[in-house]
Amino acid sequence: MYIPTSPLNRRHLLRATGAGLAVTLFPQLATAQTDVYPARPIELIVPSSAGGGTDVMARAFSEAMRKHLAQPLLVINRPGASGAIGMQEVLNAKADGYKVCVVFAELAILPHLGQVKFTADDFTLIARLNADPSAMTVKVDAPWKTIEEFLAAGKKAPVPLQVGNAGVGSIWHLAAAALEERAQVKFNHIPFQGAAPAIQALLGGHIDAVSVSPGEVSAHVAGGKFRTLAVMADQRFRGFDAVPTLKERGIDLSIGTWRGLALPKATPANVVSVLTAATKAAAADPQFVETLGRLNLGFSFADADTFRAAIQRDNAFFKQLITKLDLKT
C-alpha cells in the first residue's frame, strides 16, 4: 500500500532508518551509554552493624565520594559472623562493580579459624583507608582505674571477667584473647554482631569491658561514661594521649584492625580503574581526613599493592596467633 509522505515525515523516516542501520551495522553504539560505569548507584556493603567504627568510616567515605564519582555509594549494613556474611555476599554478587565491600582485618583471620572458604586472594583490592588499635575500655564507675588493676582483678576473680567483642573470630576477640594469653589472665569472651552492640552492653552494665577501637568508644569516654585503660599500639593514640599503651605497661602486644575497599576478583579492569581513581581522590579530600580525626578513627591510606602486602603480613601473624591460642573451630 502506498502512503504519501510529507517532507517532514520523510525526514523522520530517514532518521529512523539511519538509526536502525547504526544499530544493525554498529551494535556497540547502541550500548555505549549503558557501558559507562557507574550508570547507577553502587551498594557499599558494610559487614558490620550500624554505629560501629566500620560503619561510621564507610558513611564518611561515602559522603566524600560524592564529589569524585558520578553515582552515589549507598551504605548497606550486613552484620554477622564477624564480617563473613557481608564479604560473602559481595563475592557471590555479579562482578560488575555495583557491590563494593568494606573489608577489614577479619579477612586475614577468618580463613585460619576455618569459618570461611574465601581469602583475600578472592578479592580485587582498591585501597586501605583506616587503621586502629584495640582499646580495653570499662565503665567510668568500674573499680579498675588502670590496666594493671583490671588484669590483677581478672586473675583473682572467682568468675572470669566478661569482655565484649565484635563476634567470635573478630579482631577484637583476638585482641582480648592475645592479652589474656600475654597477661596470664582468664576472660569470658562475649561475642556481639559488631562493636556497637558490645558497647551498648557495656553501657548497660551487662559486661565488664570491651575490646574495640578507640574511635568506637571515644564519644562515651568524652561524655564521662567510659574509661579506656590501655591501647594495644606501638605509640599512644591521637585523641587518647593520656591512655598508656600496653607496651608502656610491660606487655609486648600491638594489635588492631584496618579497613579498606575491595571487589570480587573477576571485576573488569575498567571498573577497578574508575573506583581506584575516585577512592584515591576521596581519601585525599581534607573533609574526609578531618571527619576521621574528629571521630578518633586513624587515617591510613594505602594503594592496592601496599594494602595486599600488609594483608599478607597479617595473614602470617594471625595464623601463628590462632594456632598459639588454639582458637581454630
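The values are calculated or read from the model by the stated rules, or taken from the named source; none is laboratory data. Values in this document were obtained by computation on a predicted structure and should not be read as measured data. Counting neighbours? That spans all protein chains shown, and the Cβs are built from the backbone with ideal geometry, glycine included. Surface areas here come from the heavy atoms of the whole protein model, side chains and all, with no ligands, DNA or RNA. Shrake-Rupley method; radii C 1.70, N 1.55, O 1.52, S 1.80 Å.
The share of accessible area on the chain that comes from carbon and sulfur is 56 percent, using a 1.4 angstrom probe. Once a ≥ b ≥ c are taken as the square roots of the eigenvalues of the Cα gyration tensor of segment 85-132, is the result rounded (a/c under 1.5), prolate (a/b larger than b/c) or oblate (a/b not larger than b/c)? Oblate shape, in that a/c is at least 1.5 and b/c is the bigger or equal ratio. The string of couplings for segment 308-321 from the Karplus curve (6.51, -1.76, 1.60, θ = phi - 60°) is 5, 5, 5, 5, 5, 5, 5, 3, 5, 5, 6, 4, 5, 5 Hz, one whole number per residue in order, with x for Gly and Pro. Available extension along the chain between Thr323 and Arg294 is 6.7 nm, counting 0.36 nm per residue and deducting the alpha carbon span. Evaluated with a Cβ-only charge set (Lys, Arg +1; Asp, Glu -1), the chain carries a dipole of roughly 600 debye about its Cα centre, given to the nearest 20. For the set Arg78, Arg313, solvent exposure ranked by accessible area (probe 1.4 Å, protein chains only) runs largest to smallest as Arg313, Arg78. Converting phi to 3J(HN,Hα) with the Karplus coefficients 6.51, -1.76 and 1.60 and the offset θ = phi - 60°, segment 276-283 yields 4, 5, 5, 5, 4, 5, 5, 5 Hz in sequence order, with x at every glycine or proline.
Computed from backbone phi with θ = phi - 60° and the Karplus coefficients 6.51, -1.76 and 1.60, the 3J(HN,Hα) list for segment 119-136 is 9, 4, 5, 7, 10, 9, 7, 9, 5, 8, 10, 7, 8, 9, x, 7, 10, 7 Hz; x is used for glycine and proline.
Once the 1.4 Å probe is applied to the protein heavy atoms, the chain comes out at 47 Å² accessible per residue. Calculated mean residue ellipticity, 222 nm, the chain: -12500 deg cm²/dmol, from DSSP H runs (n ≥ 4) at -39500 (n - 2.57) each, averaged per residue and rounded to 500. Counting only lysines at least 8 places from Lys99 when in the same chain, those with an alpha carbon closer than 26 Å to its own are Lys67, Lys117, Lys265, Lys280. A straight Cα-to-Cα reach below 28 Å connects Lys145 with the lysines Lys155, Lys156, Lys186, Lys225, Lys247, residues fewer than 8 places away in its own chain not being considered. Each of Thr54, Leu74, Gly164 was scored by the projection of its Cα onto the charge dipole of the chain, and the greatest displacement toward the positive side belongs to Leu74; charges sit on the C-beta of Lys, Arg, Asp and Glu.
Projecting each Cα onto the charge dipole of the chain (Lys/Arg +1, Asp/Glu -1 at the beta carbon, about the Cα centre), which of Thr306, Ala316, Ala201 comes out farthest on the positive side? After comparing all options, I get Thr306.
When Glu148, Glu106, Glu290, Glu43 are compared by accessible surface with a 1.4 Å probe, the order from highest to lowest is Glu290, Glu148, Glu43, Glu106. Fully extending the segment from Gln115 to Lys145, taken as 0.36 nm per residue of separation minus the present Cα-Cα distance, adds 7.1 nm. Rg/Rh, computed from the Cα trace of segment 209-291 with Rh as the Kirkwood radius, has the value 1.12.
For segment 267-329, the Kirkwood hydrodynamic radius comes to 14.5 Å, computed from all pairs of different C-alpha atoms. Each of Leu44, Leu295 has its accessible area taken with a 1.4 Å probe; listed largest first, they run Leu295, Leu44.
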